[in-house]
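Here the structure comes first, spelled out in structure tokens, and everything after it is commentary.
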Amino acid sequence: MSAVWRHRLDGDLVRGLPRTRRVMPYVMRGRNEAAVYIEHDVALSKTDAFIRAWNQANPGLRIDVFHIATWALRDTLERFPTMHRFVAGGRLYDRRGIWFSYAIKAKLETGAPLLVVKRRFDLDPSFAAMVLGMQETEVAYRRGEAARVERELGLLFAFPGFVRRIIMRAINLGDRLGVLPRSFIENDPMYASAFFANMASLGMPPVYHHLYEYGTAGVFSSLGRPVTEPGSPTSGPGRRRTMQVRWTFDERAEDGLTAWFAIRRFRQVMEDPAGCGLNVETVAPDGAFPVGEHYDDASRS
């Protein structure tokens with residue numbers, strides 16, 4: 001059984017940890033007991049300029065601040081891979097792959113319910129491939145995922161309450177032992193490197209969000225609606241906007257200093273994507289999808 005614990009389908013046991021870190025999952029047994037909250041602002045002048053240039057070059061594959069944020073966090077986790085380690089069964093694991101979960105509208109219409117999307121991001125060879133992959137995934141989820149989730153929840157709620165609790169405890173036990181099947185882990189949005197709450201798409205400020213005890217996601221990012229800076233023009237290329245970002249981290253995965261270095265890198269990429277190596281590509285229109293619901297006004301300017 002110890003071999004199963006060492007090599008989960010979604011991670012590998014971290015070896016050589018100091019005892020002061022190995023004991024942390026026993027001192028702080030839950031993610032919310034170990035949660036650390038950090039907030040910072042992001043200046044978007046160069047970001048908005050990059051978005052305008054991209055959208056002018058690619059009217060069929062438009063982007064917004066959320067795409068820059070996902071790319072920035074992917075870059076950050078590649079540089080600081082210990083930031084998306086996770087705790088399961090009192091043990092610390094290195095995660096296999098970079099997986100993000102985020103919510104979209106089930107239908108592109110007012111009043112439509114939210115649908116949680118999960119996607120792997122480290123396999124994309126370029127920013128354009130990531131954007132196209134996100135659109136393809138969102139379309140696929142809208143076409144079939146909502147119905148699948150409803151069927152699974154309908155099956156769960158066909159049982160009485162005490163049976164549902166037994167089922168959930170069995171899932172939690174399987175997670176602790178590292179024996180959950182790949183199909184379960186890869187399709188469950190709570191088994192992810194990070195969970196995004198794109199509050200900007202709802203016109204809301206960022207929130208301090210709890211972590212989920214279920215699953216393995218130890219990073220939560222809340223992106224607020226960008227606001228125009230005082231004294232800035234309200235439109236046009238001279239407009240200056242700022243976005244507030246709030247984070248929740250599981251301290252058992254990594255220490256606060258590394259988290260701060262990671263946040264500085266995320267902010268650097270967000271504030272100057274071109275200066276961090278992101279180039280405006282001209283993408284062939286084949287396969288491009290219409291603009292989704294998480295595009296803000298900068299993407300249309």
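The values are calculated or read from the model by the stated rules, or taken from the named source; none is laboratory data. Just so we're clear, the structure is a prediction, and the values are computed from it rather than from any experiment. Virtual Cβ from ideal backbone geometry, glycine too; neighbours counted across all protein chains shown. Surface areas here come from the heavy atoms of the whole protein model, side chains and all, with no ligands, DNA or RNA. Shrake-Rupley method; radii C 1.70, N 1.55, O 1.52, S 1.80 Å.
Listed values, structure above:
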{"quantity": "Among 211-220, 53-62, the order from most to least packed when residues are scored by Cβ within 10 Å on average", "calculated": "211-220, 53-62"}
{"quantity": "Cβ-derived FRET efficiency at R0 35 Å, residue 207 paired with residue 177, nearest 0.05", "calculated": "0.55"}
{"quantity": "For segment 195-259: relative contact order, % (alpha-carbon pairs under 8 angstrom, 6 or more apart)", "calculated": "34"}
{"quantity": "Chain lengthening between residue 36 and residue 22 when straightened (0.36 nm per residue, less Cα-Cα)", "calculated": "3.2 nm"}
{"quantity": "Test item: Cα-centred dipole of segment 77-223, Lys/Arg +1 and Asp/Glu -1 on Cβ, debye", "calculated": "340"}
{"quantity": "Which of 18, 71, 209, positive extreme of dipole for the chain (C-beta unit charges)", "calculated": "18"}
{"quantity": "Accessible-area composition of the chain, carbon plus sulfur, in percent [1.4 Å probe]", "calculated": "57"}
{"quantity": "Dipole magnitude (debye, nearest 20) for the chain, charges at Cβ of Lys, Arg, Asp, Glu", "calculated": "920"}
{"quantity": "Cα-centre dipole for segment 61-145 with unit charges at Cβ (Lys and Arg positive, Asp and Glu negative), debye to 20", "calculated": "260"}
{"quantity": "Among 254, 186, 281, residue whose mean-square fluctuation peaks in a GNM of the chain (springs only between Cα atoms under 10 Å)", "calculated": "281"}
{"quantity": "Probe 1.4 Å, accessible area per residue of the chain, Å²", "calculated": "48"}
{"quantity": "Highest-fluctuation residue, 243, 204, 83 considered, GNM on the chain with Cα pairs under 10 Å", "calculated": "204"}
{"quantity": "Selection from 218, 180, 242, by position along the positive dipole direction of the chain (Cβ)", "calculated": "180"}
{"quantity": "Fluctuation leader among 238, 16, 178 - the chain, Gaussian network, Cα springs under 10 angstrom", "calculated": "16"}
{"quantity": "Theoretical ellipticity at 222 nm over the chain - DSSP helices of four or more residues, -39500 (n - 2.57) apiece, nearest 500", "calculated": "-10500 deg cm²/dmol"}
{"quantity": "The chain: relative contact order in percent, alpha carbon pairs under 8 Å with at least 6 residues between", "calculated": "33"}
{"quantity": "Full-extension gain in nm, residue 166 to residue 255, via 0.36 nm per residue minus C-alpha separation", "calculated": "28.6 nm"}
